[in-house]
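Below you'll find the structure, written out as structure tokens, and then a few comments.
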Amino acid sequence: MRKVIVFGVDGLTMPLLKRYVGQGALPNIARMFQQGAAAELLPFISAWGDVNWVTFLAGQSPGTSWRGQSLPPDNQATHNLLAAMQQAGKKAALVHFPESIKADGDHFSFAPYWGRGKPWPGEIFKPMGHTTRLPAQGEARPQSLGWPPRGSLAYHNKGAWQALVKTAEGYQLTLNGGHGDSRTLLLRIEAGQAQLRLGSETVTLPRQAWSPWLSLAALDIAGSVRFYLGRCDAENEDVELLQSQVTRAYALSEHPHLARQLLEKGPFFSKWVAKAAANGDYLSATWQEGDEQSQWLVDSALTLTQRENYALWATVHRLVDESHHNCLGQCDPDSPFYQAQDAEQHDAVMRKCYQILDTSIGRLMNEMDDETVLMLASDHGAVPNRYMCDIYRYLEKQQLAVLDEQGLPDMARTPLYLKDERGGLEIFVNLKGREASGVVEVADIDDVCARALQALANWQVNDQGQVRNAVSIALRKEDAAGIGFWGECAGDIIFAYNTGFVWGVSQSGEDICPVSEPGANHGPQKPTAETAMGSNYGVLLAFGRGIRQGYYHDRQQRGPYRMVDPAATIAHLLGISGSDLDGRVMREMLDASC
């Protein structure tokens, strides 16, 4: 039976892949280049994961396939790839894939990526850092970058820090969750060793390493936890440890038998504690968690495709993307924060994350059968940030928005607004008869949209003596079919920021200003954004039977593939109809036998 494994990697970018392959750091991915085919993929607006992973797997442009973050459309109604597979009697397994596409019917879903603001049902306790040095761990930022406004998406903080509370017996360490669950444990430091009380048992924690997974059954919690002891100097009140995420096994899938089979390899965790950044204290802990999650995903891919007859398996791993957000802004020469003497330490963090990926890809290539095609794919890349843009403050200055005390649209008065779930690049007219509290007359919609387009075209900043536009493209919905937008879910205006411009909120009130710290992003910027080391294009490397060997699709000469093309190619490889898909089969990447 023909099968396809899609090992999705959030943010994987071709310039860095080529860079690290050229350095000899990625032997398995080098083999994919040599014995398989490779191409870049043009993302849709906005160039972030939710839009582009959904279009990648659905095989349909966002006007059809994407309703918004965590809002999956009906597969059968849209006739997407999953519906075509269902009709052909072939099963797909989505493991930690965005929940904005739904694996229903005979398909299998495990721990879909949770993109909502409210707590994830699969999480019992959040990953946390526990410290006696709490004031040193947190500081207020002059800006918050991300969407929705006042988010922290751009910083990729993986966990929070909280205080270890000293008592006469030792330190109290509290496990906290989003559903009201909490458990307090006792940590004692004796003779330079850290001992943790779990029910009636005492566990000695290793230094600078993760402990084994520890059952919480004695605390009436159906889950396991582990700890990474970073500091253990009780005399100087310098104690610090990381605590893993604790997940609720029965909430991870509606298919308990298969879920139990996957969990035999160990607990599943969706995120790690410390971020992948050169200035972090616990990079080794992050790399170990990122590697273990990646290997867990490899095990699930092999189990479901090689033994359980799933024709398609797909996931998204996020360690690489996190390293871009935290490191690319310090080692890309196009970044305003680039310092040649410091660049290598940040480059090394990204390289290590790519090497962790390379190890996983090597296992898949070596252990999958001859009927399987492996696709290493990404949804976008990244480029360094230069300027922060607050769209609401700018629209307010142009008298196109009315904001409340929180700086958000006052829906009883504002002409324009944006929806949190749509990614921050679609502007909606607050239209009477359509919106619940609409204020704009239907007869005035053309005038309001024209004013908005003119305002976006004139949003500018002086960049070292050169005037630069904040916005690279802006279209009315009726003009946006060529970029994949139509239908009732799409905004009245679709736009994208220019290279280096990122959405956010400044505490000092500017609508546009330089970013206050180094970083890299993708979502708000035009899909074609490129810099010295970065690119917003996604990637696709394919390996296995029927894949052309040693082929590289040069988008400069032949034009880029689009994010919907892989699904059409998957349908072709599986021998099913792709007649309702928007993409084209990537025939240049296939050999004559396919």
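The values are calculated or read from the model by the stated rules, or taken from the named source; none is laboratory data. Predicted, not measured: the structure shown is a model, and the values here were computed from it. For neighbour counting, all protein chains shown are included, and Cβ atoms are generated from backbone atoms with ideal geometry for every residue, glycine included.
So which of Ser506, Ser516, Ser579 ends up being among the polar types (S, T, N, Q) and either touching an Asp or Glu at 6+ places or on another chain (Cβ under 8 Å) or crowded, with 21+ Cβ neighbours inside 10 Å (or both)? Give the derivation first.
On the way: Ser516 fails: either touching an Asp or Glu at 6+ places or on another chain (Cβ under 8 Å) or crowded, with 21+ Cβ neighbours inside 10 Å (or both); Ser579 fails: either touching an Asp or Glu at 6+ places or on another chain (Cβ under 8 Å) or crowded, with 21+ Cβ neighbours inside 10 Å (or both).
So the residue among Ser506, Ser516, Ser579 that is among the polar types (S, T, N, Q) and either touching an Asp or Glu at 6+ places or on another chain (Cβ under 8 Å) or crowded, with 21+ Cβ neighbours inside 10 Å (or both) is Ser506.
Go through (1) over 26 Å from Val448 (Cβ atoms); (2) modelled with pLDDT under 95 and name the single condition Asn536 misses.
If we test Asn536 against (1) over 26 Å from Val448 (Cβ atoms); (2) modelled with pLDDT under 95, just (2) comes out false.
Looking for something within 18 Å of His380 (Cβ to Cβ), hydroxyl-bearing (Ser, Thr, Tyr), surrounded by fewer than 24 Cβ atoms within 10 Å (Cβ to Cβ) and in contact (Cβ under 8 Å) with a residue 40 or more places away in the chain - is there at least one such residue anywhere in the range 37-52?
No, every residue in the range 37-52 fails to be within 18 Å of His380 (Cβ to Cβ), hydroxyl-bearing (Ser, Thr, Tyr), surrounded by fewer than 24 Cβ atoms within 10 Å (Cβ to Cβ) and in contact (Cβ under 8 Å) with a residue 40 or more places away in the chain.
Which of the residues that make up the range 367-381 are outside any helix (DSSP H, G or I) and among the charged types (D, E, K, R)?
Asp369, Asp370, Glu371, Asp379
Against the condition surrounded by fewer than 24 Cβ atoms within 10 Å (Cβ to Cβ), under 25 Å from Gly49 (Cα atoms) and assigned by TED's automatic domain parsing to the domain that holds Thr55, how does Gln355 come out, does it pass? Even if it seems obvious, please write down each step before you answer.
On the way: surrounded by fewer than 24 Cβ atoms within 10 Å (Cβ to Cβ): yes; under 25 Å from Gly49 (Cα atoms): yes; assigned by TED's automatic domain parsing to the domain that holds Thr55: yes.
Answer is yes for this residue.
Within the range 85-101, does at least one residue satisfy the condition of being touching a residue at least 24 places away in the same chain (Cβ under 8 Å), touching a Lys or Arg at 6+ places or on another chain (Cβ under 8 Å), buried (at least 20 other Cβ atoms within 10 Å of the Cβ) and farther than 19 Å from Asp10 by Cβ?
For the range 85-101, residues touching a residue at least 24 places away in the same chain (Cβ under 8 Å), touching a Lys or Arg at 6+ places or on another chain (Cβ under 8 Å), buried (at least 20 other Cβ atoms within 10 Å of the Cβ) and farther than 19 Å from Asp10 by Cβ: present.
Within the range 17-26, is there a residue that is touching a residue at least 24 places away in the same chain (Cβ under 8 Å), closer than 20 Å to His553 by Cα, buried (at least 24 other Cβ atoms within 10 Å of the Cβ) and in contact with a strand residue (DSSP E or B) (Cβ under 7 Å, 6 or more places away or on another chain)?
The answer is yes; a qualifying residue exists.
Where in the range 163-237 are there strands (runs of 3 or more DSSP E), lying fully within it, with 2 or more residues that are surrounded by fewer than 18 Cβ atoms within 10 Å (Cβ to Cβ) and among the aliphatic types (A, V, I, L, M)?
The strands (runs of 3 or more DSSP E) meeting that bar are 182-190.
The rows are residues; the columns are (1) touching a residue at least 24 places away in the same chain (Cβ under 8 Å); (2) farther than 30 Å from Met32 by Cβ; (3) in a strand (DSSP E or B); (4) of a type outside the set (D, E, K, R).
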site: Val383; (1), (2), (3), (4): yes, no, yes, yes
site: Gly407; (1), (2), (3), (4): yes, yes, no, yes
site: Tyr417; (1), (2), (3), (4): no, yes, yes, yes
site: Leu453; (1), (2), (3), (4): yes, yes, no, yes
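Just checking, which of Ala30, Ala47 is closer than 26 Å to Cys594 by Cα and among the aliphatic types (A, V, I, L, M)?
Exactly one of Ala30, Ala47 is closer than 26 Å to Cys594 by Cα and among the aliphatic types (A, V, I, L, M), namely Ala30.
Taking the range 539-576 on its own, how many of its residues are loosely packed, with under 13 Cβ neighbours inside 10 Å and more than 13 Å from Gly36 (Cα to Cα)? Can you show your working first?
Filtering the range 539-576 down to residues loosely packed, with under 13 Cβ neighbours inside 10 Å leaves 549-550, 554, 556-559, 575.
Subsequent filtering for residues that are more than 13 Å from Gly36 (Cα to Cα) retains 554, 556-559, 575.
Selection size over the range 539-576: 6.
When you scan the range 1-90 for helices (runs of 4 or more DSSP H) that lie fully inside it, which ones turn up with 3 or more residues that are of a type in the set (S, T, N, Q) and over 18 Å from Gly583 (Cβ atoms)?
Numbers: elements: 14-22, 27-35, 49-58, 62-65, 75-78, 81-87.
Hits in the range 1-90: 27-35.
If you scan the range 475-487, which residues turn out to be surrounded by fewer than 21 Cβ atoms within 10 Å (Cβ to Cβ) and either more than 26 Å from the chain's Cα centre (by Cα) or aliphatic (A, V, I, L, M) (or both)? Even if it seems obvious, please write down each step before you answer.
The first filter runs over the range 475-487 and keeps only residues surrounded by fewer than 21 Cβ atoms within 10 Å (Cβ to Cβ), leaving 475-479, 481-483, 486-487.
Scanning the range 475-487 gives Leu475, Arg476, Lys477, Glu478, Asp479, Ala481, Ile483.
Got a sec? Which of Gly49, Gly36 is closer than 25 Å to Leu425 by Cα and of a type in the set (Gly, Ala, Ser)?
Details: Gly36 fails: closer than 25 Å to Leu425 by Cα.
Of Gly49, Gly36, the one residue that is closer than 25 Å to Leu425 by Cα and of a type in the set (Gly, Ala, Ser) is Gly49.
List pairs: first in the range 534-558 and of a type in the set (Val, Ile, Thr), second part of a loop (DSSP other than H, G, I, E, B), Cβ under 6 Å, 6+ apart or cross-chain?
Val539/Leu12; Val539/Ser378; Ile547/Gly36
Hey, among the residues in the range 102-122 that are aromatic (Phe, Trp, Tyr) and in contact with a helix residue (DSSP H, G or I) (Cβ under 7 Å, 6 or more places away or on another chain), which one's surrounded by the fewest Cβ atoms within 10 Å (Cβ to Cβ)?
The qualifying residue surrounded by the fewest Cβ atoms within 10 Å (Cβ to Cβ) is Phe108.
Please enumerate the residues belonging to the range 506-521 that are within 21 Å of the chain's Cα centre (by Cα) and in a strand (DSSP E or B).
Ala520, Asn521
Whether any residue in the range 298-314 is part of a loop (DSSP other than H, G, I, E, B), of a type outside the set (Val, Ile, Thr), more than 30 Å from Ile45 (Cβ to Cβ) and free of Cβ contacts under 8 Å to residues at least 24 places away in the same chain is what I want to check.
Start the filter on the range 298-314 by keeping residues that are part of a loop (DSSP other than H, G, I, E, B), which leaves 308-311.
With the extra rule that they be of a type outside the set (Val, Ile, Thr), the set shrinks to 308-311.
Retained after the next criterion (residues that are more than 30 Å from Ile45 (Cβ to Cβ)): 308-311.
Going one step further and asking which of them are free of Cβ contacts under 8 Å to residues at least 24 places away in the same chain, we end up with none.
Checked the range 298-314: no residue is part of a loop (DSSP other than H, G, I, E, B), of a type outside the set (Val, Ile, Thr), more than 30 Å from Ile45 (Cβ to Cβ) and free of Cβ contacts under 8 Å to residues at least 24 places away in the same chain.
Could you grab me the full set of residues in the range 436-474 that are hydroxyl-bearing (Ser, Thr, Tyr) and surrounded by fewer than 12 Cβ atoms within 10 Å (Cβ to Cβ)? So that I can check it myself, show each step before the final result.
First pass over the range 436-474, keeping only residues hydroxyl-bearing (Ser, Thr, Tyr): 437, 472.
Of everything in the range 436-474, just one residue is hydroxyl-bearing (Ser, Thr, Tyr) and surrounded by fewer than 12 Cβ atoms within 10 Å (Cβ to Cβ), namely Ser437.
Could you tell me whether Gly424 is assigned to a loop (DSSP other than H, G, I, E, B) and closer than 15 Å to Ala474 by Cα?
Yes.
Does the range 427-451 hold any residues that are of a type outside the set (Ser, Thr, Tyr) and assigned to a loop (DSSP other than H, G, I, E, B), and which are they?
Going through the range 427-451, the residues of a type outside the set (Ser, Thr, Tyr) turn out to be 427-436, 438-451.
Within the range 427-451, Asn430, Lys432, Gly433, Arg434, Glu435, Ala436, Gly438, Val439, Glu441 meet the criteria.
When the range 104-119 is examined, which residues are found to be part of a loop (DSSP other than H, G, I, E, B) and either of a type in the set (Lys, Arg) or under 16 Å from Ala251 (Cβ atoms) (or both)?
Hits for the range 104-119 are Ala111, Pro112, Trp114, Arg116, Lys118, Pro119.
So Leu364 passes all but one of these: (1) within 27 Å of the chain's Cα centre (by Cα); (2) over 30 Å from Thr531 (Cβ atoms); (3) outside any helix (DSSP H, G or I). Which condition number does it fail?
Result: Leu364 fails condition (3) only.
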